[in-house]
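This report refers to the structure that appears directly beneath it.
Throughout, read-outs are computed from the coordinates displayed, never taken from laboratory work. Owing to the predicted nature of the structure, the values given are computational and were not obtained by experimental measurement. Glycine gets a Cβ as well: all are built from the backbone with ideal geometry, and neighbour counts include every protein chain shown.
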There are 2 protein chains.
Amino acid sequence: MNLSMNNVGLADAPSAEEATRFHGVLAKLQLDPLTSEPFYQQLKRQIHNLIDSGELAAGSNLPSERMLAEALNVSRTTIKRCYNDLREAQVLSTHGRGGTQIQAKPNAGVSANRLKGFAEDMRERGMVPSSQLLSQEVVQDRMIASIFDCPSVNTFLRLVRVRLGDGIPLAREVAWYDLTLAPHMGLGLHILARQMPA
Amino acid sequence: MNLSMNNVGLADAPSAEEATRFHGVLAKLQLDPLTSEPFYQQLKRQIHNLIDSGELAAGSNLPSERMLAEALNVSRTTIKRCYNDLREAQVLSTHGRGGTQIQAKPNAGVSANRLKGFAEDMRERGMVPSSQLLSQEVVQDRMIASIFDCPSVNTFLRLVRVRLGDGIPLAREVAWYDLTLAPHMGLGLHILARQMPA
DNA sequence: AAGTGGTCTAGACCACGCA
DNA sequence: GCGTGGTCTAGACCACTTC
């Protein structure tokens with residue numbers, strides 16, 4: 001068998017030196033095997049919280065997947081699942097050999113978060129997002145048309161919905177979709193356009 | 001060793017019978033080991049295409065992870081990664097022993113899509129979502145408070161933003177976030193609450 | 001009760017980017 | 001070139017839902 005790779009077996013050499021670098025982080029990450037919450041979820045939540053609270057600064061490095069796996073005594077796959085989810089959520093980023101880095105600012109407010117959807121934001125925070133449609137109608141509205149800088153004859157889909165996190169109403173949204181540009185939005189609707197009152 | 005589970009080793013009994021059920025699906029799924037595109041990506045793409053084209057009808061079943069893995073001669077983990085991604089995108093759903101089912105209609109309209117965020121919806125359609133913040137302010141508003149069924153002294157974050165797909169403005173949204181319930185939304189903002197004009 | 005997906009393990013090889 | 005993340009394997013146990 002040509003196991004010609006990986007210096008597994010070099011003892012705990014890396015831990016000894018590098019552990020100090022991540023001492024602060026490692027001390028704050030703990031897994032509870034008794035709860036029903038999966039390991040990777042616990043980690044996601046804890047890391048996200050550390051970032052939100054500023055204990056993990058933007059731009060700083062997280063332990064490598066292998067290192068954290070060894071430190072927490074879980075498999076690399078579990079760490080990877082956590083890191084991957086956070087990478088997908090653009091909370092972490094990867095830099096070749098540079099490892100995994102924190103991308104979001106500690107307290108990135110709404111201005112940054114609004115690049116993500118509400119649902120995505122909620123899921124990152126470990127909440128279950130849902131949505132309740134209050135009304136939907138196809139309208140013509142000159143004011144909105146002017147905002148979009150398009151002919152005032154364009155029709156818009158007007159949506160009002162409540163956004164919930166864990167079943168609790170957190171936001172109310174009113175949205176106008178330009179049906180000329182996004183016709184798929186109107187699919188399945190059987191509502192005739194009507195004139196919007198001024 | 002107490003390998004007291006899984007009838008692995010019962011030969012290809014399941015395949016023989018069940019393969020006919022999924023004959024159409026299995027015949028259309030093929031993995032190319034030569035391309036650089038990962039297996040799970042190839043599968044995601046192919047399954048998504050089959051759904052879009054209507055060859056896989058909404059509500060119908062997909063082969064179980066184990067079965068598809070065996071049929072394509074890959075590990076269950078690889079199939080799972082594909083299925084999981086599609087589940088997260090709400091394209092597939094899971095039903096206990098019932099297996100994995102196709103959830104989205106080929107061209108589901110807004111009424112279904114509004115359970116997802118704008119960004120997610122865009123990404124599924126292969127467009128690049130972005131957002132432009134027009135205004136953000138912390139306000140008190142009795143009308144909104146009554147909608148949320150909460151004390152009228154609660155403060156809200158009022159956002160106006162334009163949603164873009166591939167750089168084209170597709171929607172305008174006005175959102176009110178209840179800062180009492182979602183304080184993290186206001187982090188990083190230095191805007192004093194002001195009274196909302198009636 | 002049988003089979004499903006959910007989670008986790010312990011390994012392996014690869015491409016790529018810093019050092 | 002070395003360590004990183006990316007992909008993949010072959011297995012295991014569990015909770016849960018449907019049969």
At 7 angstrom along the Cα-to-beta-carbon line, where would the label on residue A:60 sit relative to the other copies? Give the distances in nm, shortest first. 5.3
Nearest-first distances (nm) between copies at residue A:76, label 7 Å from Cα via Cβ: 2.3
Within 10 Å of each Cβ in A:155-166, the average number of Cβ atoms from other chains: 2
Once you place label points 7 Å from the Cα toward the Cβ at residue A:154 and residue A:93, how far apart are they in nm? 3.2
Extending each Cα 7 Å along its Cβ direction at residue B:41 and residue B:101, get the distance between those two points in nm, one decimal. 3.2
Could you give, in nm with one decimal, how far residue A:132 is from each other copy of that position, shortest first, with labels 7 Å out from Cα toward Cβ? 3.4
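With a sphere of radius 13 Å drawn around the Cβ of residue A:39, what net charge do the other residues whose Cβ falls strictly inside it have (Lys, Arg +1; Asp, Glu -1)? Write out the running numbers ahead of the final one.
Working: positive: A:44, A:45, A:76, A:80, A:81; negative: A:32, A:37, A:85.
Neighbour charge sum, excluding residue A:39 itself: +2.
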